[in-house]
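See structure below.
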Amino acid sequence: MANYSVTAEQLTEGALVLVRGKLGFARLTRLIEGDELQASDARRAQNGMNPVGVPHTTATVTGAEVICKDPAKPTLEERFVAERRYASKKRPETGANYSIDSKGRNLPVIAIPNGEGQVTQDTSGQELAQGLDVTLVLRVYKPKTYNKRGLSLDQVIVNEAVKYYGGNTSTNELAARGIVFAAPPQAVQAGQNAPVGEAAPIDTTNAADAGTGTVIDENGFAFPAPAAAPVQGAQPVQVQAQPAATAAPVVVQPVAQAPVQPAETPEEQIARLMRENAALKDAGSAIGAPAPGNPWSDNGQDAEPAGITYRA
């Protein structure tokens, strides 16, 4: 156990102590209670720390410095807080750390600069961003049933332009490009908003994937297509394969086959060839067809001469 020169019994009720540093983990706009409190206390017990046990807010600052009213003569309360700064084992580069779990149902007042050398209360209900330059205003109080004094977190003073936890980077970037929100945008989870009107249909006809040069037709089949030129800075498109059960069934139409001709006998084949030969001899002949008669005759004198003849 650390040896402290100032104990909690020596503190004066109502005294203030200011601690400046970079905001680390903080929960300032809503209490840690219920299931969250049980989970938080369980983690503290696992890490060898005492559970808080009651609803509370919390804040941790890194590079913590106690701002003394008179640096030459620190008060007991200022010395009490300074002695209870610690070095983080996981992040020693953060220097001296100071943490406070402020018990009770009161939330600390958050004050932000107004640009005129003053501060105004922030009523946005948003948590402050990590790394913000802040000053914690601590107040000494006396519990009803204990002689030891405790410390509560009364105020958090922001010493620079305010930033909020999550989503603030994008609004700053947009503001630098001339797009300024009238009020800080709030993230909307699916199911929180109430849809109005009909949703636009999803166009799946001839949808092209610019990354792979693939076209999906209306039946869900893929075929090659010219790949689009990549857009600099664009995010890759992830295409999820559809389960096989949802693919459209492929119907194969039977191909009509010609009727099977019966096999020819040798005699039928010879007769067919003779008919085809005779037809070829007659078709398109410049000298006409042979005279009727025995096709194997040697065209004797009694036969009708072939070709064109002139009769007297």
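Determine, from the Cβ-Cβ distance of N3 and A161 and an R0 of 30 Å, the FRET efficiency 1/(1 + (r/R0)^6), rounded to the nearest 0.05. Mind showing how you got there, number by number?
Numbers: r = 41 Å, r/R0 = 1.38.
FRET efficiency, N3 to A161: 0.15.
Students sometimes get this wrong: rank S99, S5 by accessible area, probe 1.4 Å, all chains present, largest first.
Details: S99 45, S5 70 Å².
From most exposed to least exposed: S5, S99.
Would you list, by chain and number, the lysines whose Cα falls below 24 Å from the Cα of K69, excluding same-chain residues fewer than 8 positions away?
K22, K142, K148
Using the beta-carbon distance between F181 and F25 and R0 = 30 Å, what value does 1/(1 + (r/R0)^6) give for FRET efficiency, to the nearest 0.05? Walk me through the numbers before you get to the answer.
On the way: r = 27 Å, r/R0 = 0.88.
Efficiency computed from Cβ-Cβ geometry: 0.70.
Considering only protein heavy atoms and a probe of 1.4 Å, how much of the accessible area of segment 5-105 is carbon and sulfur, as a whole percent?
52
Could you put D154, D35 in order of accessible surface area, largest first, with the 1.4 Å probe and the full protein assembly present?
Final ranking, largest accessible area leading: D35, D154.
The values are calculated or read from the model by the stated rules, or taken from the named source; none is laboratory data. Remember, predicted model here, so these are calculated numbers, not experimental data. Methodologically, a virtual Cβ is constructed for each residue, glycine included, from the backbone with ideal geometry; neighbour enumeration extends over all protein chains shown. For accessibility, only protein heavy atoms count, side chains too; no ligands or nucleic acids. Shrake-Rupley method; radii C 1.70, N 1.55, O 1.52, S 1.80 Å.
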